[in-house]
Amino acid sequence: MAHAGDLVFTVTTLKDNLTNVRRFVSGNLACGADHMVIVLDDPAGEGQAEVRAWLDAQPTVTCIAADDSWWHDARPKALNARQRLNANAVRTALRDVRAAAWLFHVDGDEVVQLDRAALAGVPRSAEVVWLPPLEAVAQRRAEAPPTLFKRLLGEEDLALLTALGVIDQPKNSSYFNGHVRGKSGIRPGIAAHITLHHVVDDENDEIAPYDDASLAGLGVLHYESVSGEEFVRKWSAMVTSGKPPALRPGREGLGAALRALLTKDLPADVRERHLMTLFERHRLDDVETLESLGLLRHADPTQGTHSPASLDAKAAKQWSDALAAVTARPKQDFRVSPPEQPTRSRRFGAKRR
């Protein structure tokens with residue numbers, strides 16, 4: 001069990017249904033988090049009232065309704081901008097909470113994997129730690145959340161998969177469907193900013209994370225398009241949300257195809273059929289081959305054994321007061337320059353794995 005003076009916080013900007021939110025919260029708490037800060041991105045949206053009511057009833061969760069009282073009529077249009085502002089508002093508040101040891105910025109389709117003994121062994125001089133990504137395999141159908149995950153591979157394994165025709169290029173960015181950057185955790189008291197994946201200083205230089213073999217128990221599970229049904233649901237939702245398809249560099253061909261498909265006036269069943277075809281050609285994993293080569297890892301958040309530590313009365317008061325203070329401030333006070341390709345900094349002499 002974590003000690004009250006060594007709490008791990010997470011922050012997430014979220015819009016999802018109650019079933020998924022429950023799974024998200026329970027998984028992260030069972031796998032190493034002590035207190036989750038969840039910013040509801042659309043608190044007036046369909047189904048979000050019941051999500052908020054459930055979150056408000058959880059003692060290990062702080063729910064922030066990102067309405068006008070939070071944004072002060074200056075809500076950014078871009079989701080990534082809102083995520084960064086929310087994360088750094090929470091980071092700023094936690095600077096006044098002595099019990100807060102770490103803050104991790106995670107997405108709603110991610111679950112931290114925190115070996116708390118390993119995390120406790122990180123020296124106080126180290127301000128940042130890195131969680132390498134573990135991506136859930138993509139299958140045509142998933143009756144339950146998958147428990148098989150891809151890990152980042154070395155050159156030889158990538159070359160092998162390319163030669164076998166499993167991937168197009170010997171790169172982890174070709175092997176993974178989602179991000180390969182993982183997530184970073186920050187000590188809230190330092191003068192730095194947390195982004196979607198990195199921690200950067202005031203000059204937008206990345207602060208290199210502490211690296212040691214003992215951190216093998218740290219990671220983040222990423223449930224990226226785990227099934228054809230989920231892929232179709234996700235991209236069909238883009239039609240009504242007005243959000244343009246966005247894929248990381250290197251996936252421009254698929255991005256262009258999705259834009260072409262989603263902007264056509266097609267019957268829903270026709271659109272879904274073509275989306276499934278795109279999924280099978282561009283996202284579906286050859287699970288049998290990957291498993292036969294011993295490249296997959298097993299992880300099941302429902303089997304997590306972590307018991308979250310609670311804020312004591314003093315820490316709870318510090319957190320409440322600090323959160324009220326940042327709520328009252330314009331969120332542009334917490335702005336970070338677009339940091340997705342930060343200048344690499346090796347301030348602490350660490351080397352990313």
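The values are calculated or read from the model by the stated rules, or taken from the named source; none is laboratory data. Treat the numbers as computed from the prediction; the structure is a model and nothing was measured. So basically every Cβ, Gly included, is an ideal-geometry build from the backbone, and we count neighbours across all protein chains shown. The accessibility values were calculated without ligands, DNA or RNA, using every heavy atom of the protein model including side chains. Shrake-Rupley method; radii C 1.70, N 1.55, O 1.52, S 1.80 Å.
Values for this structure:
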{"quantity": "Protection proxy ranking of 328-334, 274-280 - average other beta-carbon atoms within 10 Å, highest first", "calculated": "274-280, 328-334"}
{"quantity": "Dimensionless Rg over Rh [region 79-235; C-alpha; Kirkwood]", "calculated": "1.00"}
{"quantity": "Using a Förster distance of 30 Å, the FRET efficiency for residue 67-residue 173 (Cβ separation, nearest 0.05)", "calculated": "0.20"}
{"quantity": "Cα Rg over Rh - the chain, Kirkwood", "calculated": "0.95"}
{"quantity": "Region 86-134 versus region 186-236: alpha-carbon centroid distance in Å", "calculated": "10"}
{"quantity": "Given 150/331; 15/183; 171/234; 77/150, the pairs whose alpha carbons are separated by over 27 Å", "calculated": "150/331; 77/150"}
{"quantity": "Size-normalised alpha-carbon gyration radius of region 1-145, reference 2.2 N^0.38 Å", "calculated": "1.09"}
{"quantity": "Apportionment of accessible area to carbon and sulfur, the chain, percent (1.4 Å)", "calculated": "49"}
